[in-house]
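Since the structure comes first, as C-alpha cells, the remarks are kept for the end.
The values are calculated or read from the model by the stated rules, or taken from the named source; none is laboratory data. This one's a predicted model, so the numbers in the text were calculated from it and none came from an experiment. Virtual Cβ from ideal backbone geometry, glycine too; neighbours counted across all protein chains shown.
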Amino acid sequence: MISLKRRDILRSGVAAAAFVSSIGRSWAQDRKSVRIGYAISKTGPNAGGAGITTLPNYLLWAKEVQDAGGLELPDGSRLPLEVVEYDDRSSAEEVVRAVERLANEDKVDFILAPWGTGFNLAAAPLFDRYGFPQLAVSAVTDKAPQFVQRWKKSFWMLGGGHDYAKALATIIAEASKAGTLNGKVAMVSVADGFGIDLVTAARPAFQAAALEIVYDKTYPIGTSDFTPMINEAKASGADSFVAFSYPPDTFALTQQSQIADFNPKLLYLGVGTSFPVYSKNNGANATGILSLGGVDPTSEANADYRTRHEAATGIAPDYWASVITYASLQMLQEAIRRKGLDREAVAAEIASGSFETVLGETKLEDNQLRKIWWVGQWQNGKFVGVAPGDHAGASPLILPRQAWQKA
Amino acid sequence: MTSRLLCQITGFLTIIIALTALPFFVGPYTITLMIGMLGYVALAIAWAMFSGPTRYVSLATVAFFGIGAYACAVFNESLPYPLLLLVAGLIGLAVALVVGLATLRLAGVYFVIFTFGLAELVRQLVTWFEVNITGTLGRYIFLPVTPEGIYWQLLALSAFAFAISWLIGRSRLGLALKVIGEDEVVAAHCGIAIARIKLALFALSAVIMTLVGAIQAPRWTYVEPSIAFNPTISFLTLIMALLGGANRLMGPIMGAVPLFLLFEWLSANFPNHYSIILGLVFITIVFVLPNGVLDFVEKGLTHRITAAAKPAEVQK
C-alpha cells in the first residue's frame with residue numbers, strides 16, 4: 001500500500017542526529033515514485049472536521065491511485081505514490097512548519113491542502129513561495145478573488161459566506177412571494193468563525209430580499225440548551241428558522257425543536273446537517289430540512305463515489321465538502337496525467353482545463369469552483385442540492401416542511 | 001571574577017553574532033525551525049523570569065502571546081511595523097498591570113487556576129468583541145515580513161530577555177525575588193515591597209510574551225481566537241522552563257531547545273503517537289527531573305565528586 005519509507009528509515013535510531021544536521025536526502029530525486037505530502041489535523045479541536053471531510057478522501061484517493069498501479073504520467077507510464085503525512089495538531093504554527101518540512105526536507109512533488117479556512121490561509125504563502133498548486137476545499141471565504149490575485153496557484157473550491165446566505169435569502173424570498181412563507185425570519189448563530197461569517201452575510205442578504213428578521217441571536221460555542229432560543233423564535237411569529245450552527249448545536253437544535261414542538265415551515269440548520277449520521281439519527285424527521293451543500297441524486301458517478309468511500313474508509317462521506325475534496329484530487333491527478341510533474345504546468349492546467357470528476361464536468365472560474373450547491377435539502381434519505389435551481393441535477397425544493405413526526 | 005565576567009559576555013555576544021549570521025548559511029526549513037525554537041526560548045525565559053524566583057506557576061503565557069498576535073492582526077493595516085510592535089507591547093503591559101494588581105495576592109494553586117482562566121477569559125472577550133462590535137472573527141495579516149526578518153526579531157528579543165534575566169539575577173531585585181520565593185512573610189518583614197516587585201516582574205515577563213506573539217503572527221496570515229489562544233503554548237512553555245530549571249539563568253534555554261527539537265522530531269516521525277509520547281515526556285520530567293536538567297547534572301556531579309573524595313578521607 002502506501003509506503004512511508006522515509007519514516008521507517010528515520011525510525012531506526014539515528015534519527016535525532018539526522019534530524020538536527022538535516023542530512024541530504026538525495027534518494028528523493030531518483031523518480032521511482034511521486035511524493036505527495038500533506039499536514040492535517042489528526043488531533044486537537046479541528047480533528048473532527050478534518051476527519052470527516054478531508055482525511056478520508058486523501059486516504060481513499062491514495063489507495064485508489066495505488067491500486068491502479070500508481071499515478072499516470074503524460075507518457076503513459078505509472079509511478080507509485082509515496083505519501084508523507086503529518087499531524088498539524090490543530091496549530092497554525094505547526095501547519096506552517098509542516099508545509100516547510102514537506103517542501104524543503106521531504107521534497108515532495110505536490111502538497112495537498114490542510115483542513116479549515118485559517119490553516120489554508122496560513123499555508124497559502126508557503127504554497128505560493130515554493131510554487132505548489134493549492135487546492136483549498138475546506139475553506140469558506142468571501143475573499144477568494146483577492147487571494148487568487150495574491151497567490152496565483154491557489155484554488156478556492158467551497159465558495160464564501162455571501163454565496164450561501166444569498167442563495168438562502170432567494171429561496172425564502174421566493175417562497176414568501178408565493179405565499180408559502182410569511183417573510184419573517186428567526187435566526188440564531190454560533191459565535192465562532194462559521195456562524196459569524198454566515199450571519200454577517202445573511203443580515204444584509206435577507207434585508208435586500210425584503211425579508212423581515214424578527215429574531216437574531218448569537219450564542220457562544222459549546223451551548224447545549226437551546227430551549228430559550230427555540231421558545232423565543234417560536235413566539236416571534238417567524239415561520240422560517242435559520243441556524244448557522246456547528247455539528248453539536250445542529251443535533252441539539254433538531255432534538256430540542258421536536259421536544260418544544262417547534263415547527264417552522266422552513267428549517268435551515270448549519271454544519272452537521274449534511275452528515276450521513278444526521279439522517280440516520282433523525283430518520284423521516286430529517287426530510288425537508290435545509291442546509292449548506294448537497295449532491296445531485298441522479299449522478300451515478302456520485303453514487304459510485306459514496307459506495308467506494310464507505311468501503312475504503314468505513315464511513316460515509318458528508319454531503320457537502322467531501323465530494324468536492326475528492327473531485328479536487330481527481331483534478332490534480334488528471335492535470336498530472338496531462339502535464340507531468342511540472343508544478344507550474346499542472347497549476348496552469350488546473351486553472352484553465354476542464355475535468356471529468358465525481359461532480360461531473362468541472363471547470364474553475366478565476367481559480368474558484370463556482371458551480372456548487374449553495375443550499376441542499378434532505379429528501380428521501382438523501383441530502384440533495386436545491387439551489388442554484390438552474391444547476392444541472394437540481395432537485396425541486398419542497399416547502400413547507402412536514403411537522404415533526406412523534407415516534 | 002571580572003575576567004570571568006568578560007569571558008561570559010564575550011561568549012554570549014559570539015553566540016548571538018553567530019546566530020545572526022545563520023540565515024546566510026542554512027535553508028528555509030532550518031529558519032522555520034529556528035523561528036519556532038526561538039519563540040519558545042523567549043517565552044520560556046520570560047516565564048522563568050517571573051515564575052522561577054517567585055514560584056508562582058503561571059499558565060497565562062498564551063493569554064499574552066495571543067494578545068500580541070491579535071494586536072498585530074488588528075493594527076497591521078493601520079500602523080507601520082515598528083509602531084505595531086510597540087503598541088502590541090503596550091497593550092500587553094496594560095493587561096499585565098491590571099491583571100497583576102488584581103491577582104498577585106493570590107498564591108499557590110489559586111494563582112495557577114486563575115492564570116489558566118485568564119487565557120480563556122481574554123479569548124472569550126476577544127470573541128465577544130469581534131462578534132458584537134466588529135462582526136468578523138477571522139482577521140488577515142498581510143505584512144511583508146520575511147521568515148529571516150521574523151527570525152532576527154525573535155533572536156533579538158530572546159537575547160534581550162536573556163540579558164534582562166541576567167541583570168535581574170545580579171541585582172538587588174533578584175535577591176528580593178528570591179526572598180519572596182522562599183517566604184513572603186519574611187520578605188515583607190525585611191522591608192521588601194513585595195507587591196510592587198512582583199507586579200514589575202509579571203509585567204516585564206508579560207510584555208516579552210506579547211511581543212513573541214506579535215512577531216510570530218504574520219507567519220499565519222490569518223488569526224482567529226482559537227488560533228491565537230491555543231492553550232498548548234502555555235503548557236509547553238511551562239514544561240520547557242521546568243525541564244531546564246526555572247531558577248537558573250540558562251535553565252529555560254536548556255529546556256526549550258532540546259524539548260522543541262524533540263517535539264519537532266516526534267511530530268515528523270511519530271505524527272500519530274505524538275500526544276501520547278508528549279504526555280509521557282511530561283510525566284518523566286516531573287518525576288525524574290523535578291528541579292530541572294541543570295540541577296540534576298550539577299547534583300550528579302557533586303555526588304560523584306564527594307563519592308570519589310570519600311575513600312581518601314577514610315584513609316586519612
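So here's what we get for this one:
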item: Filter pass, A:Ala68 being in contact with a Lys or Arg (Cβ under 8 Å, 6 or more places away or on another chain), without any contact (Cβ under 8 Å) to a residue 12 or more places away in the chain and not charged (D, E, K, R); result: yes
item: Residues being farther than 9 Å from B:Ala69 by Cβ, of a type outside the set (Lys, Arg) and within 11 Å of chain A (Cβ to nearest Cβ) - total across the stretch B:216-246; result: 11
item: So B:Tyr56, is it of a type in the set (Ser, Thr, Tyr), in a helix (DSSP H, G or I) and either at negative phi or surrounded by fewer than 24 Cβ atoms within 10 Å (Cβ to Cβ) (or both); result: no
item: Count of the stretch A:129-180 residues which are charged (D, E, K, R), under 21 Å from A:Glu349 (Cα atoms) and away from chain B (no Cβ under 14 Å); result: 2
item: Positions within the stretch A:88-99 being facing chain B (nearest Cβ under 7 Å), farther than 14 Å from B:Tyr274 by Cβ and buried (at least 24 other Cβ atoms within 10 Å of the Cβ), in sequence order; result: A:Ala92, A:Val96
item: Tally of residues being crowded, with 19+ Cβ neighbours inside 10 Å and among the hydrophobic types (A, V, I, L, M, F, W, C) across the stretch B:76-98; result: 6
item: Every residue from the stretch A:341-380 that is assigned to a helix (DSSP H, G or I) and touching a helix residue (DSSP H, G or I) at 6+ places or on another chain (Cβ under 6 Å); result: A:Ala345, A:Val346, A:Glu349, A:Ile350
item: Checklist (1) farther than 22 Å from B:Leu33 by Cβ; (2) touching a residue at least 12 places away in the same chain (Cβ under 8 Å) applied to B:Val281, failing item; result: (1)
item: Residue in the stretch B:139-160 that is outside any helix (DSSP H, G or I), touching a residue at least 40 places away in the same chain (Cβ under 8 Å) and crowded, with 19+ Cβ neighbours inside 10 Å present; result: yes
item: Qualifying positions in the stretch B:24-44 - more than 14 Å from every other protein chain (Cβ to nearest Cβ) and at pLDDT below 95; result: B:Phe24
item: Unique residue being buried (at least 17 other Cβ atoms within 10 Å of the Cβ) and either touching a Ser or Thr at 6+ places or on another chain (Cβ under 8 Å) or of a type in the set (S, T, N, Q) (or both) when the list is B:Ala73, B:Ala119; result: B:Ala119
item: Test: residue in the stretch A:277-285 that is closer than 22 Å to A:Leu112 by Cβ and either in the same structural domain as A:Lys184 (by TED's automatic domain parsing) or modelled with pLDDT under 95 (or both); result: no
item: Residue match in the stretch A:133-148 (condition: over 17 Å from A:Ile324 (Cβ atoms), surrounded by fewer than 24 Cβ atoms within 10 Å (Cβ to Cβ) and acidic (Asp, Glu)); result: yes
